[in-house]
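Asker: Below you will find the structure I want to go over with you.
The values are calculated or read from the model by the stated rules, or taken from the named source; none is laboratory data. Worth saying up front: this structure is predicted, and the values here are computed from it rather than measured. Glycine also receives a Cβ, built like all others from the backbone with ideal geometry; neighbour counts cover every protein chain displayed. Note: areas computed on protein heavy atoms with side chains; ligands, DNA, RNA excluded. Shrake-Rupley method; radii C 1.70, N 1.55, O 1.52, S 1.80 Å.
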Amino acid sequence: MHTAPTINNKTSLHDFQQQLLHDSLRNSSADIPDEQQELTYMMAASTKHPTDHEELILQGLLAQFSNFNYDKAKEQAEKERDLSRCSGSAVWQSLLTCVAQLAATEKLYMNLSFLTAKGFLRKESSVRASYELLNTELNEMGLEKKNILSNNGNTSTSGLTSPGSSGCDGILRHLCSHLVLFIKARLQMITFYERVIEMSICRLMNFEELLSHIIDISSSNSRNFHHPLLTPIKTSFTYECDILIHLLRSQLEMQFWRFLPSLLHLHDAHSKLNSWHTVVQSKETKKYGFGSSFLKSSPLPSLYQWLWQAKAAFVSKFSLYFHETLAAQSSPADMKALISRQGQACDYVSKIQSFQRRSDAVSVCLVFEAAGVEDYQGAGYHHPEESVPPPKGLDSYPAIFTYPPTKPLERWPSIVMRVSDRSNEHALLDHVVHFFDQQVGSTYFLCRVEPRITFVAIFDTKKSEKDSYIRDFIYDLVMQLRCNKVFANLKPK
């Protein structure tokens, strides 16, 4: 008969618990179900906290992920794997191998390598294939069951004291199941960015579809890979999705000329970017600001830089669409300084002013089609509960920007007639449309920017429809305002 363990002054309570649980396992292993044995065994293993070492290692590795130090994370994971060949479990070594591979793949993802076109006879590793391989390996580790009993029906006693105990392995396998969900989310994001590039070559991007896509990814993964050790990658993933959602929503709101919602989404995107930067910045990156020098010389990944560039481009667009509202809140000098500061991607107002002077245009306008917009309230901020009657007639086509500032009222009926002419819809989307009004001797150049916004340049003399300076300027400006190029710039050169 086995003697019950005793406790004396030299025996710690922890050692007594270990001995008692160990003896219980050894004496009853033949009489209780395998599931109960495994549960009891894992309880015994967990009392010694065998995962302290592994948790500290993983915390350090994933902290490198949050700072985009993927090379360092890969190097450290491989070094730890080599050091643990004699003392670590097979699961621990396999997980370290997967973490090293994940670091390499994450670096490719954050640098948008999955969007790089493959050249002829050019061998490239597929980012998607790398994630899928990791998904398979981690999934197998997560689903694999640990054999608790040895071949003779007795529990191995070495597991209680070694880093490779069943309690440790169980936690590591649980972590693998969380990493599988993270990798699935990454594959969804790859599909999203591929769709963005496909859509960027269209005449007008379907921001509603892209917004719905990224919201689905964000919401479906909001409760996934939530293990505390995975907080760094969960945080980065959440920032990435939230910033994209706010940027896309700002585009949709600008298409309908809604001042406050556009402003709030741009502000939220900016706040999220700043919060993310607080997380990722290190001694190496603190010296970089977010002006032009940052975009040229920053060591940070391409995707992260692109999100800042996209935000700057959309703020520039916002500054043009709501220039009148913004200008009413500051002096002309302050307004010009704010628009032309380094954080702005493009000073559209100065470009239009320069074009107007060089081309001798009577007026340059952006015309909004408010007819049919149920919640239309007009320029600037309006209280959400304020009731505004729907516009009628010519008032259904307000000028959201004009230069010179005075609206060309005498020519407005002709402009509205051309803007609202649906027979010209495809022409307005594809090229700059030329129209000469013989009755008043005026020439009009028009091009559609958004589904409801049209760029119009008016001249009080007859201008050739082949005038390359006028046509090229208008077309280039419209393409910039559509922001197709902003999204196309996701693809590495």
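Asker: Quick check: at a probe of 1.4 Å, how many percent of the accessible area of the range 200-258 sits on carbon and sulfur atoms?
Answerer: It is 54 percent, rounded to a whole number.
Asker: Let me ask something additional. Assigning unit charges at the beta carbon (Lys, Arg +1; Asp, Glu -1) and nothing else, what dipole magnitude in debye, to the nearest 20, does the range 382-489 show about its Cα centre?
Answerer: Numbers: 13 positive and 14 negative charges, 40 e Å.
My answer is approximately 200 debye.
Asker: Search the structure for amide H atoms under 5 Å from the amide H of ILE400, placed 1.01 Å from N in the peptide plane, and list their residues when 5 or more places away or on another chain.
Answerer: LEU366, VAL367, PHE368
Asker: For a quick check of understanding: with a 1.4 angstrom probe and all protein chains in place, what accessible area in square angstrom does VAL388 have, to the nearest ten?
Answerer: The accessible area of VAL388 comes to roughly 50 Å².
Asker: Here is a further query. Using a Förster distance of 45 Å, how high is the FRET efficiency between GLN438 and SER354, based on the Cβ-Cβ distance and rounded to 0.05? Don't jump to the answer; show the numbers that get you there.
Answerer: Working: r = 30 Å, r/R0 = 0.66.
It comes out at approximately 0.90.
Asker: Taking loop as defined by DSSP and a crowding limit of 10 other beta carbons within 10 Å, which GluC sites (Glu not before Pro) in the range 310-398 fit? Working shown, then result.
Answerer: Details: sites: GLU324, GLU369, GLU374, GLU385, GLU386; in loops: GLU369, GLU374, GLU385, GLU386.
Hits after loop and neighbour filter: GLU374, GLU385, GLU386.
Asker: Moving to a separate point now. With θ set to phi - 60° and the Karplus curve 6.51 cos²θ - 1.76 cosθ + 1.60, what are the ³J(HN,Hα) couplings of the range 445-451 in order, to the nearest whole Hz, using x for Gly and Pro?
Answerer: 10, 10, 7, 6, 8, 10, x
Asker: Here's something else I'd like to know. Got a sec to turn the phi values of the range 457-469 into Karplus ³J(HN,Hα) couplings, 6.51 cos²θ - 1.76 cosθ + 1.60 with θ = phi - 60°, whole Hz, x for Gly and Pro?
Answerer: Couplings: 10, 10, 10, 8, 10, 6, 10, 5, 5, 9, 4, 5, 4 Hz.
Asker: I would also like to ask the following. Translational diffusion coefficient, Stokes-Einstein: compute it for the range 349-493 using the Kirkwood radius over C-alpha pairs as Rh, at 10 °C and 1.306 mPa s, and state it as an integer in µm² s⁻¹.
Answerer: Values: Rh = 16.3 Å.
Stokes-Einstein gives a translational diffusion coefficient of 97 µm²/s.
Asker: Ignoring ligands, DNA and RNA, what accessible area per residue does the range 407-472 give at 1.4 Å, in Å²?
Answerer: 49
Asker: Please turn the phi angles of the range 182-189 into ³J(HN,Hα) values with the Karplus equation 6.51 cos²θ - 1.76 cosθ + 1.60 (θ = phi - 60°), one per residue in order, whole Hz, x for glycine and proline.
Answerer: Computed from phi, the couplings for the range 182-189 are 5, 5, 4, 5, 4, 5, 5, 5 Hz.
Asker: Could you give the length gained by full extension between GLN93 and VAL362, i.e. 0.36 nm per residue of separation minus their alpha carbon distance, to one decimal place? Please report the intermediate quantities before stating the final value.
Answerer: Working: separation 269, 0.36 × 269 = 96.84 nm, distance 7.30 nm.
That works out to 89.5 nm of additional length.
Asker: So, one more: Taking the range 190-250, which trypsin sites (Lys or Arg not before Pro) meet the DSSP loop condition and have no more than 16 other C-beta atoms within 10 Å?
Answerer: Counting only loop positions with at most 16 other Cβ atoms within 10 Å, the trypsin sites (Lys or Arg not before Pro) in the range 190-250 are ARG203, ARG223.
Asker: Moving on. For q = 0.13, 0.15, 0.21 Å⁻¹, what log10 I(q)/I(0) does the range 167-268 give under the Debye formula with an equal point scatterer on each alpha carbon and no solvent?
Answerer: For the requested q values the scattering log ratios are -0.56, -0.69, -1.07.
Asker: Also: Enumerate the amide H contacts of LYS491 below 5 Å, restricted to partners 5 or more residues apart or on another chain; note that Pro and chain-start residues carry no placed amide H.
Answerer: Sorted by chain and number, the residues that satisfy this come to none at all.
Asker: Calculate what fraction, in whole %, of the accessible area of the range 391-493 sits on carbon and sulfur atoms when a 1.4 Å probe is rolled over the protein chains.
Answerer: Exposed carbon and sulfur together represent 52 percent of the surface.
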